[in-house]
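Here's the structure we're looking at; comments come further down.
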Amino acid sequence: MTAAFADRRKSLVEKMDGEQVDSLLITRPADWYYLTGFTGESGALVVSRRGSTLITDGRFAGQAKTETPGVNVVLQKPSLFESAGRFIGSQNYKNVGFDPTQLSVAQFRAVRKAAERGSKWKPVSGLTAALRMRKQPQELAVMRRAAILAGQVVEGVVGLLKTGVRELEIAAEVEFQMRKLGASGPAFETIVAFGERSALPHARPTPKRLKKNELVVLDVGAILAHYCSDITRTFYFGTAPKRIRMWYQSVQDAQVAAIAAVKNGASCGDVDAAARQVLERTGLDKYFVHSTGHGLGLEVHEDPRLGRGQKQRLEPGNVVTIEPGVYVEGIGGIRIEDDVAVHSDRTEVLTRIPRDLIEI
Ligand SMILES: [Mn+2]
């Protein structure tokens, strides 16, 4: 992996040339992990053609040195942004790139003040994000495993859906099981929503107990070897009424259409439209209140975004979720979500468990 990290820094330097910056300050943990392998929680990375320097504190000194061969490690004194600024000043960089979406105003002021000399600061966004979108084969291999693991966890808890069980118990079991299967933890707070609560797309688990004739939405993400998965399945606890079956079928058809639209070169907006058009046929599009999907990788939400009118085109190596849903207040919600990888000549669904409505 050391070689992969070095190659990524090289690709980043080429992108920096295009933006006319000779150095780039990186403060997003997933970005510095992607570029160096550093797993510490606090740091600042300065990348330049002359080399890369990681500034961090004493808690992470040991791991910074072992995890980041080929990267210069500087221990901060006293504060992180002052130290990063002093380092940048000492290098006489002319144009320092920084990502305004990743630095607070106070952090930016501190780093610029400490750098002192005549460096120009230039806002540049998303350079590392653009590299991270194109997953390499070794990343896809891990993401396949993470997706399979999330499916196993969903299947592993279905048997616990019994009258009286609480949403919180199911969520706890989801997280326990994923860790037993090798995940380092959940990629986001596990969503378990029973009955009317399933109409909230991001319901947090509560002490609510499961009753007969309720929808159950389970949205599970696992982090395995740094990479996230994200899967949602909807169940019916009882025999689903005709209306619920119809809605489910519509969401499932929308998902099939959106997955079919995922192709090398397709625009993200077209994938979103494919899902929306199917829901329009049954008048359910007004209940589809979020976008069709999002990129997935070291973080659970990353580029590209599959939303209305998004012009970005899909490329080989992109991994996205496809997750249409309908949410009807007072009744409940239905969402089906899978993870999909784009290849030059085909689309690969990474999540492996069945998608039909399951009545328990
Ligand atoms: Mn998702």
Original post:
Between THR66 and ARG49, what length comes free when the chain is fully extended (0.36 nm per residue of separation minus the Cα-Cα distance, one decimal in nm)?
Top reply: 3.9 nm
Original post:
Based on Cβ point charges of +1 for Lys and Arg and -1 for Asp and Glu, what charge dipole magnitude is obtained for segment 133-216 about its Cα centre, in debye rounded to the nearest 20?
Top reply: 60 debye
**OP:** Give the dimensionless ratio obtained when the Cα radius of gyration of segment 127-174 is divided by 2.2 N^0.38 Å.
**Re:** 1.72
Subject >> Residues of type lysines that LYS311 reaches as a straight line, Cα spacing below 18 Å, ignoring anything fewer than 8 places off in the same chain >> reply: LYS263
Original post:
Setting aside same-chain residues fewer than 8 positions from LYS211, which lysines have a Cα under 28 Å from its Cα?
Top reply: LYS162, LYS242, LYS286
Original post:
At a Förster distance of 22 Å, what's the computed FRET efficiency of SER344 paired with SER11, Cβ-Cβ distance as r, to 0.05?
Top reply: 0.70
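What dipole magnitude, in Debye to the nearest 20, does the chain give about its Cα centre under +1 on Lys/Arg Cβ and -1 on Asp/Glu Cβ?
Values: 49 positive and 41 negative charges, 125 e Å.
For this selection, approximately 600 debye.
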Original post:
Hey, which lysines would be in cross-link range of LYS65, C-alpha to C-alpha under 21 Å, not counting anything within fewer than 8 residues on its own chain?
Top reply: LYS10, LYS77
**OP:** Would you mind checking the radius of gyration and Dmax of segment 14-144 based on alpha-carbon positions, in Å?
**Re:** 14.4, 48
**OP:** Taking 7 Å along the Cα-to-C-beta vector as the label spot, tell me the ASP356-LYS311 distance in nanometres, rounded to one decimal.
**Re:** 4.4 nm
Original post:
When the Cα centres of segment 76-125 and segment 1-23 are compared, how far apart do they sit, in Å?
Top reply: 19 Å
Subject >> Rh by Kirkwood over Cα pairs, then Stokes-Einstein D for segment 150-264 at 1.002 mPa s and 20 °C, µm²/s >> reply: 144 µm²/s
Original post:
What fraction of the Cα pairs in the chain, stated in percent, has a spacing above 38 angstrom?
Top reply: 26 percent
Subject >> FRET efficiency, 1/(1 + (r/R0)^6) with R0 56 Å, evaluated for MET246 and GLU41 via beta carbons >> reply: 0.75
**OP:** Given the options PRO186, PRO78, PRO324, state which has the largest fluctuation in a GNM of the chain using a 10 Å cut-off (strictly under) for Cα springs.
**Re:** PRO78
Original post:
What does the accessible area of ASP57 come to, in Å² to the nearest 10, when a probe of 1.4 Å is used?
Top reply: 20 Å²
Subject >> Most mobile of ARG117, ARG145, ARG276 in a GNM of the chain (Cα contacts under 10 Å) >> reply: ARG117
**OP:** Describe numerically, in nm with one decimal, the distance between label points set 7 Å from Cα along Cα→Cβ at ASN95 and at ASN213.
**Re:** 6.7 nm
Subject >> Whole-Å semi-axes of segment 1-43's equivalent ellipsoid (Cα gyration tensor) >> reply: 19, 14, 6
Original post:
Roughly how much of GLU173 is accessible, in Å² to the nearest 10, using a 1.4 Å probe?
Top reply: 60 Å²
Original post:
What do you get for Rg/Rh of segment 153-194 when both radii come from the Cα atoms and Rh is the Kirkwood radius?
Top reply: 0.95
Subject >> Probe 1.4 Å, all protein chains present, accessible-area order of SER291, SER42, SER48, SER184, largest first >> reply: SER184, SER291, SER42, SER48
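The values are calculated or read from the model by the stated rules, or taken from the named source; none is laboratory data. Remember, it's a predicted structure, so these values are computed and weren't measured experimentally. Note that each Cβ is placed from the backbone with ideal geometry, even for glycine, and that neighbours are counted across all protein chains shown. Ligands, DNA and RNA are excluded from the accessible area calculation, which covers all protein heavy atoms including side chains. Shrake-Rupley method; radii C 1.70, N 1.55, O 1.52, S 1.80 Å.
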